[in-house]
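Each value in this text was obtained by applying a stated rule to the coordinates, not by laboratory testing. Everything numeric in this text was worked out from a predicted model, so none of it was measured. Reconstructed Cβ throughout: ideal geometry from the backbone, glycine too, with neighbour counts over all protein chains shown.
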Amino acid sequence: MSEDKGEWVTVAQRSALKPGDVLGIQAKDKEIALFDLDGTVYATENTCTHAYAYLSDGWVDGDVIECPLHGGRFEIKTGKGLGPPIECDIKCFPVRVEGGSIQIKIED
C-alpha cells in the first residue's frame, strides 16, 4: 500500500506568511488556514466545526487558534478541539516549502 496518496498543491508564497500569522486560502475545493508557528508552516481546515466561521479570521495564541464566532479553540499542530463549543477536531494537512512556495498535500 502506498503512503504517497494525494497531490501536492502550491497554495501560497512563503513570503506571504509571517511568524504568528494565519492566512486563509482555497485549494481545490477546500478552505485551508495556513499558520506560521516559530518559522514552521502548518495547515488545517479553515472552517470551525461548531458553526460556519473562518478560523483565519480568529486569533492565534501560542499554538492555538480561536474561532472569531464563539471562541472555540483548536490546537494548530494537531487540529484537536479544546472543549466546548467545539463538536469535533479539524483536519490537518501535510505541508512542505519548495523553492519559496508553500505546498500542502490534498487527498482526493
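A few remarks follow.
- Its relative contact order, with pairs defined as Cα atoms under 8 Å and 6+ residues apart, puts the chain at 27 percent.
- Modelled FRET efficiency - R0 22 Å, residue 87 with residue 59, Cβ distances, 0.05 increments: 0.65
- For residue 78 and residue 37, the difference between the fully extended length at 0.36 nm per residue and the C-alpha to C-alpha distance is 13.5 nm.
- Label reach from residue 7 (point 7 Å along Cα→C-beta): in the stretch 83-108, amide nitrogens under 13 Å belong to 104-108.
- Orphan Cys of the chain, criterion: no other Cys C-beta under 4.7 Å: 88, 92
- Sequence ranges 38-49, 57-68, ranked by mean other-Cβ count within 10 angstrom, highest first: 38-49, 57-68
- Using only alpha-carbon positions in the chain, the gyration tensor eigenvalues give semi-axes of 22, 16, 12 Å once each is multiplied by 5 and square-rooted (largest first).
- When +1 charges are put on Lys and Arg Cβ atoms and -1 charges on Asp and Glu Cβ atoms, the dipole computed for the chain relative to its Cα centre reaches about 120 debye.
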